[in-house]
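What follows is a single structure, written as structure tokens, with notes after it.
Quick note: the coordinates plus some simple rules give every number you see, no bench work behind them. Keep in mind the model is a prediction, meaning the values are calculated, not measured. Note: ideal-geometry Cβ built from the backbone for every residue, glycine included; neighbour counts use all protein chains shown.
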Amino acid sequence: MAGTKVELEVRGLTKRYSPQVTVGPLSFEVMEGEFFSLLGPSGCGKTTTLRCIAGFEELSEGSILLGGQRLDGRPPHRRDVGLVFQTYALFPHLTVFDNIAFGLRLRKVSKAEIERRVGQMLELVDLPNLAERYPAQLSGGQQQRVAIARSLVLEPSLLLFDEPLSNLDLKLRIQMRYELRDLQKRLGKTAVYVTHDQTEALALSDRIAVLSQGRIEQIGTPSEIYESPASAFVADFIGSSNLLKACVRGDGGDADTAMETEHGLVLTIPRVADVSGATVMLLLRPERFQMAAAGDGDKIVANRFTARVRDVTYLGEDLHLRVLALERQPLLVSIKNSKGTRAIVPGAAIDLAIDPEDIHVLRR
Amino acid sequence: MERGRRAPYWALFVGPYGAYLLVFLVLPFANVALLSVYLHSPTKIAVAEFTVTNYAKLWEVYYATLFLRTLRLSLVVTLVCALLGYPLAYFLARSTSRIMTLGLFLLIIPLLVSTVIRVFGWLVILGSEGLVNQGLRLLGARESVRLLYTEGAVILGLAQQTMPFMVLPIMAAIERVPPSLEEAARNLGANWGQMFVRTILPLSMPGLVSGSLLVFSVSMSAFVTPALMGGRRVRMVGQQIYEEVLTAYDWPGAASLTIVLSVLMLVFVCLALWATGRRARLETAR
């Protein structure tokens with residue numbers, strides 16, 4: 001797990017391309033051994049941030065510290081930071097062996113030592129028999145491993161990943177995700193990972209920084225980001241969600257607050273302070289809805305309502321429904337596929353319920 | 001339809017130009033080859049009587065010097081173009097498309113001007129009463145410096161003329177090298193120079209070789225530029241051939257010069273292609 005020592009510290013990183021196009025100021029810390037992701041849509045500044053750390057972009061303002069040492073201002077080849085590229089960027093004129101040995105040769109490591117360390121790396125990334133191949137003769141997944149080995153062999157203090165899995169097909173991507181995570185944990189390397197794929201970020205990261213338009217929206221663990229997003233943007237970007245505009249209708253007592261959505265659905269939520277009269281956003285995750293069968297009618301009392309099914313998307317494990325609650329409020333609902341769900345067809349009326357604890361109030 | 005009987009489809013694509021080359025290049029060249037072993041006659045130009053004297057005379061010091069000078073000047077021009085053209089090609093290949101278009105336009109402008117006009121431009125600049133000498137005189141020089149009719153002048157003129165042939169292939173080769181490779185090399189600890197030598201240079205080698213072959217070939221067979229800028233003092237083979245045809249009426253002599261020049265160029269081209277081909281085979285390994 002991530003240590004308690006700060007390995008990378010980014011303070012007020014700002015990159016101005018033009019008065020209109022600015023990234024930052026961004027500040028965050030990455031702990032030793034932590035897997036930290038920068039997540040956001042294209043153009044949010046995540047790649048710029050990574051390139052600033054690697055030294056390919058100069059900061060307009062701010063500073064970057066690695067292990068307490070100033071990094072900004074140092075040329076890219078003297079940063080002790082390994083970067084794995086989206087396109088792998090393997091040298092096409094060099095064999096796998098020579099690609100991995102590239103950095104070692106520059107460091108004047110002895111021939112025997114190079115043999116040993118490259119061999120070790122090839123074992124580590126599970127490519128021991130491909131040393132003499134050229135990159136063009138490798139599959140995408142193999143090229144990816146060579147790129148990782150090429151960075152790892154130099155034992156950098158920090159590994160940077162620029163969407164390294166986005167050029168692989170889905171199945172391989174998921175497999176490489178596990179391998180990458182495994183490798184990083186085993187070696188205890190601090191890693192900063194840039195991606196626009198929220199599932200990837202959730203699956204890999206110890207912590208995630210969600211970026212939008214050059215600013216950090218939220219930093220937190222995957223469950224914090226998913227369960228209690230700090231803003232409507234984060235809620236919407238991570239996973240699918242129902243974001244409902246609502247205002248306080250009345251106090252249901254000490255424990256609860258009743259909210260009414262703009263389409264007239266009344267929902268009870270745990271009591272929240274200082275929202276009286278205000279319009280807020282409610283976040284309801286689609287998979288948190290429950291189907292209320294006729295038999296258990298009394299068990300769930302709060303937030304139970306009838307909904308008309310508009311359409312059903314069959315995804316095997318899950319069913320994604322678009323429903324109209326009380327014939328007024330459109331909702332996205334995700335239900336586990338089971339025997340009981342066979343009756344769900346467009347036009348059917350179903351009983352849905354959601355626990356008040358599963359409704360989140362977003363203030364922005 | 002009988003599939004086997006149809007003409008192979010490539011004949012359609014290669015045929016027309018192939019026929020053109022056959023009629024206007026291969027046949028005339030065969031004629032030159034034949035002429036080169038005919039006997040020279042002062043009255044009938046050439047007599048159909050086989051002889052090797054036309055080739056034998058090329059061992060004379062005059063002709064040997066002529067060939068060596070042509071070879072040397074062409075190699076120097078190639079080197080000059082490579083040294084000046086490579087950085088330019090790199091800059092253009094890594095520029096925004098707008099700057100690249102402008103650069104290519106400026107680069108190609110000299111090709112739009114006829115060689116003779118361009119060389120006369122040089123005469124105005126380099127002549128004994130030319131711009132350079134006038135400038136030197138303003139600075140207090142007593143006598144004018146000889147700039148024209150020197151090897152330097154020929155190299156200058158040929159390098160300018162052939163520069164686009166060097167820059168364009170190198171630029172195309174560098175453009176195919178993704179900038180991320182440069183960044184990967186830097187990230188792995190290479191300073192700019194090490195990055196260049198280990199990635200860009202080997203990966204753009206095919207472009208450098210193509211450019212060098214083009215520049216070398218054009219220089220070897222150049223006629224107008226060395227004739228006007230080198231005069232009698234810096235004579236190259238092209239000019240010699242021209243004079244043997246039009247002044248001395250020694251067509252067999254001119255033909256033998258032509259054949260030797262062509263063979264010499266072919267040898268160099270094959271050497272370069274063999275060297276780079278071997279390299280390419282090593283890299284792609286099937």
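What the table below lists for this structure:
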{"read-out": "Cβ-Cβ FRET estimate between A:Lys339 and B:Leu112, R0 fixed at 56 Å, reported to 0.05", "value": "0.10"}
{"read-out": "Shape of segment B:1-114, Cα gyration tensor, a/c cut at 1.5", "value": "oblate"}
{"read-out": "A:Ser27-A:Glu227 FRET efficiency (beta carbon distance; Förster radius 25 Å; 0.05 resolution)", "value": "0.55"}
{"read-out": "Hydrodynamic radius by Kirkwood, which averages 1/r over all alpha carbon pairs of segment B:82-175, in angstrom", "value": "15.1 Å"}
{"read-out": "Listed residue (A:Leu104, A:Ser139, A:Val30) projecting farthest to the positive dipole end of segment A:1-147, Cβ model", "value": "A:Leu104"}
{"read-out": "Listed peptides B:166-173, A:336-343, A:53-60, B:144-151 by packing density, highest first (mean Cβ within 10 Å)", "value": "B:166-173, A:53-60, B:144-151, A:336-343"}
{"read-out": "Whole-percent pair-distance distribution, where bins are 10 Å wide, for the alpha carbons of chain A", "value": "5, 20, 25, 21, 16, 10, 4, 0"}
{"read-out": "Distance violations [Cα-Cα > 25 Å] among A:Lys46/A:Lys185; A:Lys15/A:Lys171; A:Lys15/A:Lys245", "value": "A:Lys15/A:Lys171; A:Lys15/A:Lys245"}
{"read-out": "Ranked list, fewest to most other Cβ atoms within 10 Å of each Cβ, for A:Phe36, B:Phe13, B:Phe91, A:Phe91", "value": "B:Phe13, B:Phe91, A:Phe91, A:Phe36"}
{"read-out": "Mean Cβ neighbour count within 10 Å, used as a protection proxy, ranking B:178-186, A:147-155, A:237-245 highest first", "value": "A:147-155, B:178-186, A:237-245"}
{"read-out": "Per residue convex hull volume, Cα atoms of segment A:124-203, in Å³", "value": "97 Å³"}
{"read-out": "Average beta carbon contacts from partner chains per residue of A:98-110, 10 Å cutoff", "value": "3"}
{"read-out": "Relative compactness, segment A:1-58, computed as alpha-carbon Rg over 2.2 N^0.38 Å", "value": "1.21"}
{"read-out": "Overall form of the protein assembly as shown per C-alpha gyration tensor (a/c, 1.5; a/b vs b/c)", "value": "prolate"}
{"read-out": "Computed [θ] at 222 nm, helices only, for chain B once each DSSP H run of length n ≥ 4 contributes -39500 (n - 2.57)", "value": "-23000 deg cm²/dmol"}
{"read-out": "Shielding by partners, peptide A:82-90 (average Cβ within 10 angstrom, other chains)", "value": "4"}
{"read-out": "Cα shape, chain B, gyration tensor, a/c 1.5 rule", "value": "oblate"}
{"read-out": "D_trans [Stokes-Einstein, Kirkwood Rh over alpha-carbon pairs] for segment A:27-167, 10 °C, 1.306 mPa s, µm² s⁻¹", "value": "98 µm²/s"}
{"read-out": "For segment A:37-116, convex hull volume per residue from C-alpha positions, Å³", "value": "146 Å³"}
{"read-out": "Calculated from backbone phi, Karplus (6.51, -1.76, 1.60) coupling profile of segment B:193-202 in Hz, x at Gly/Pro", "value": "x, 5, 4, 4, 5, 8, 10, 4, 4, x"}
{"read-out": "Cα Rg over Rh - segment B:135-195, Kirkwood", "value": "1.33"}
{"read-out": "Estimated dipole of segment B:27-129 in Debye, rounded to 20 [Cβ of Lys and Arg +1, of Asp and Glu -1, Cα centre]", "value": "300 debye"}
{"read-out": "For residues of A:20-33, the mean tally of beta carbons on other chains within 10 Å", "value": "0"}
{"read-out": "Qualifying aspartates and glutamates (Cα of each under 13 Å from Cα of A:Lys111; at least 8 residues distant if same chain)", "value": "A:Asp98"}
{"read-out": "Cβ-based exposure ranking for A:Cys52, A:Cys247, B:Cys270, in which fewest neighbours within 10 Å come first", "value": "B:Cys270, A:Cys247, A:Cys52"}
{"read-out": "Under 17 Å from A:Lys5, Cα to Cα: aspartates and glutamates that are on another chain or at least 8 residues apart", "value": "A:Glu29, A:Glu32, A:Glu34, A:Asp206"}
{"read-out": "Backbone HN-Hα couplings from phi across segment B:141-153 [Karplus 6.51/-1.76/1.60, Hz, Gly and Pro as x]", "value": "6, 7, 10, 7, 8, 7, 10, 6, 6, 10, 4, x, 4"}
{"read-out": "Cβ-placed point charges (K, R +1; D, E -1), dipole of segment A:63-192 about Cα centre in debye, nearest 20", "value": "320 debye"}
{"read-out": "Proxy reagent accessibility, fewest Cβ within 10 Å first, across B:Trp192, B:Trp59, B:Trp251", "value": "B:Trp59, B:Trp192, B:Trp251"}
